Amino acid sequence: MHSNIMAGVVAGLIAGVVFGLMMQVMTAPSMGGERMPMMGMVAKVVRSDSLVVGWLYHLFNSAVIGGLFGWFLASRVSGYRTGLVKGAMYGILWWVIGGLILMPIFLGMQPFAPLKMAPMLPVALGSLVGHMVYGSILGIGFVALTKRGEEIPAAVGARPSH
């Protein structure tokens with residue numbers, strides 16, 4: 001179990017870097033009406049204006065969420081396909097928990113506020129895509145790190161052996 005958790009942490013960090021880069025270029029409206037990088041909004045969750053703090057907080061969450069994936073879902077992931085599907089579904093779950101419930105609460109808004117505020121709807125949908133990308137990379141990375149199954153991802157260009 002310990003190795004599954006560690007594989008989840010490492011895969012979570014890898015996925016977190018990709019999602020973090022997406023959040024660095026995605027923008028959201030701020031209270032003053034101007035736009036700010038989503039990573040700046042992540043920093044505001046921990047009462048900071050520093051992008052470095054936002055990145056550290058985001059990567060910490062990425063590692064914890066990845067470790068939880070390894071702990072709870074390892075037995076349900078048997079290969080790249082299930083890693084991708086379970087990972088994407090896990091990402092959607094964390095979009096609801098983190099992006100729609102916890103983050104708005106920490107920022108002084110109502111849960112699900114991003115879906116109820118017209119200027120935030122594109123941000124919420126971008127966040128959904130980002131969480132699905134995170135989860136997909138997490139699931140595939142977890143499989144690669146734990147060497148589950150014989151399945152090779154088609155994207156690598158491997159040919160099936162006969």
Report yes if W71 is of a type in the set (F, W, Y), buried (at least 18 other Cβ atoms within 10 Å of the Cβ) and under 17 Å from the mean Cα position of the chain (by Cα), otherwise no.
no
For the stretch 9-37, give me the residue count where each residue is at pLDDT 90 or above and either within 15 Å of A144 (Cβ to Cβ) or among the small types (G, A, S) (or both).
10
When every residue in the stretch 1-45 that is outside any helix (DSSP H, G or I), in contact (Cβ under 8 Å) with a residue 12 or more places away in the chain and of a type in the set (A, V, I, L, M, F, W, C) is compared, the one surrounded by the fewest Cβ atoms within 10 Å (Cβ to Cβ) is M1
List pairs: first in the stretch 97-115 and free of Cβ contacts under 8 Å to residues at least 24 places away in the same chain, second part of a helix (DSSP H, G or I) and of a type in the set (K, R), Cβ under 8 Å, 6+ apart or cross-chain?
Q110/K116
Somewhere in the stretch 104-125, is a residue within 18 Å of A15 (Cβ to Cβ), out of contact with any Phe, Trp or Tyr (no Cβ under 7 Å at 6 or more places or on another chain) and either loosely packed, with under 14 Cβ neighbours inside 10 Å or not acidic (D, E) (or both)?
no
In the stretch 56-83, anything among the hydrophobic types (A, V, I, L, M, F, W, C), touching a helix residue (DSSP H, G or I) at 6+ places or on another chain (Cβ under 6 Å) and assigned to a helix (DSSP H, G or I) is listed as L59, A63, I65, F69, W71, L73, A74
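The values are calculated or read from the model by the stated rules, or taken from the named source; none is laboratory data. As the structure is a prediction and not an experimental result, all values here were calculated from the model. No Cβ is skipped: glycine too gets one built from the backbone with ideal geometry, and neighbour counts run over all protein chains shown.
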